[in-house]
Amino acid sequence: MIDPDQVYRRYQEFQSYVGWTEEDAQRVQSLAPLLEPYLPALVEDFYAEIARHPEAHKVFVGGQTQIDRLKGSLLAWLRELLTGPYDREYVVRRWRVGARHVEIGLDQVYPTLALSRIRAGLVRALGESWAGDRRDLAAAVVSLNRLLDLDLAKIEHSYQAEHFARLQRSERLANLGQIAGGVAHELRNPLNVISTSLYYLNSASAARTEKEAEHMRRMVRNVELANDAITALSNFARMPSPEARPFSLEQCVRDALEDSGLPDGIEVVVSCRPDLPPPLADRDQIRIVLSNLIRNARDAMPEGGRLSIVGRSVENGLEVDVTDTGVGIASGDLVRIMEPLYSTKARGLGLGLPLVRMILEKNRGSLQVVSELGRGSTFRVLLAAEERAGDSTG
C-alpha cells in the first residue's frame, strides 16, 4: 500500500534535483494547444512500435480490445502531462504506472525506450508547430524534457519499489515453505519412532522389562528431539532484546555444557581464568549461544574426540573459543553456514548458527569460524566485557 504523501515528497526531491520550477510548469502548459493535434498519432506510433517487439507485446494478453483501451489511457496520460496540475494526485497516478508494469510482467526497459520515442515525437511536433521566437522554443524544449525526465524517474522508482516488494514476498513464501518442510521433517521422524514404540508396548503381550525400558527411553529422547526443533524455531522467531549485565563466563560455560548432554566419548577441557573480566551481555542468551556451539561440536564428533572451551581477555573484550576435533567443514559450506535454513547435517533446520550470530549481534558481539576437513573447527565468540577500574583494555 503506497503512502501518497511519501510518494509526493519523493517527487518533490526529484523536482529539486532537476531544477524544476513553476516557470517550467507554466511553459509546458502553454504548449498543450500546439501539441494536442499530434497526440493521437504519437499514441498510434507508440503501440505500432510495441507490436514490432515480441518481448514487449507479449504482455498484452487481452487482444485488440485491451490495446484500444490502453491507447485511450496513454492519450489521457499525455494530455495530463501537458496540462497538469503537477500535484499529489498527479504524482500518485504516475507512480501507479510503474507498479502496473510489474503487475503485467513488462520489463521496465521497454517503457523507458517507449518514453524516449514519445519524447522525440513531442519535440518534433513542437518544432513543426512553433511560430514564435526560436529562443523561447529552446526554453520550452528544456522544460518539456525536465517534465518527461521527472515522469520517467517516478515510473522507474515505482517499478523498482514494487518489484522489490514482490521479490520480498516471494522470498518470504519460499522461506516459509522451506521452514515448513524442515519442521515437518524434524517432527515426523521423532513421531514415527514414538509411534513405533507405542505400538510395540501396546502389542507385546509379555515384553521383557529391559525392552520396555528401552522403548520408554526412545520415546523420551524423541520427544526431546521434537521439542528441540520447536524451541530452535521459536527462539529464532522471537528472540527478545538482551538485558546486558556482568556474569561469570566460566559458570555460563558449565551450564551450557550441562544443557548439551555430551556422550562419554568426548573429552571436555574448559579454561576460563578466574581473573577474567565478566562479560557484559544477556547471560541467558549467551548460554544459548554456547549451548548451540557445544551441540554442533558434539555432532561433529560422532566417534568421540576432544572439546576445548577457552576464554581469554583481549583488547576489545573477551574471546571464547569452542574447538572440536571433529569432521570439519568444507570451504564451500563455510561461507554459507551462517545462512538461515542452510545445514550440513542430515537432521536439523539450519537455524542454530544464524541464531547464534543474531544473538551475538544484539549483544554487541560477533562470531568467527576456522575449520579444516578432517581436523576440526574453532568457533570464536567475541563479547563485550565489563570495564574495571584501572583496566586500560576496557
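Nothing in this text is a laboratory measurement; each read-out follows from the coordinates by a stated rule. Computed from a predicted structure; not experimentally measured. Cβ atoms come from the backbone with ideal geometry, glycine included; neighbour counts cover every protein chain shown.
Can you tell me how much longer the chain between Glu258 and Ala120 gets when fully stretched, taken as 0.36 nm per residue apart minus their C-alpha distance, in nm with one decimal?
Gain on stretching Glu258 to Ala120: 42.1 nm.
Which order do the peptides 282-291, 249-258 come out in when sorted by mean C-beta neighbours inside 10 angstrom, highest first?
Listed from highest to lowest mean packing, they are 282-291, 249-258.
Across all directions of projection, what mean area in square nanometres is found for the Cα convex hull of segment 14-95?
In nm², the orientation-averaged hull projection of segment 14-95 is 6.7.
Give me the log10 of I(q) over I(0) for segment 4-172 at q = 0.11, 0.19 Å⁻¹, as the Debye formula computes it from C-alpha points; what are the numbers?
Reported log10 I(q)/I(0), two decimals: -0.48, -1.34.
Which percent of the Cα-Cα distances in segment 241-291 go past 14 Å?
Tail fraction, whole percent: 54.
Taking every pair of distinct Cα atoms and averaging 1/r, then inverting, what Kirkwood hydrodynamic radius in Å comes out for segment 245-383?
15.1
By average Cβ neighbour count within 10 Å, what is the ranking of 362-372, 320-330 from highest down?
By packing density, highest mean first, the sequence is 320-330, 362-372.
Using a 7 Å offset from Cα along Cα-Cβ at Val59, what residues in segment 124-167 end up with backbone N under 18 Å from the label point?
151-167, by backbone N distance to the label point.
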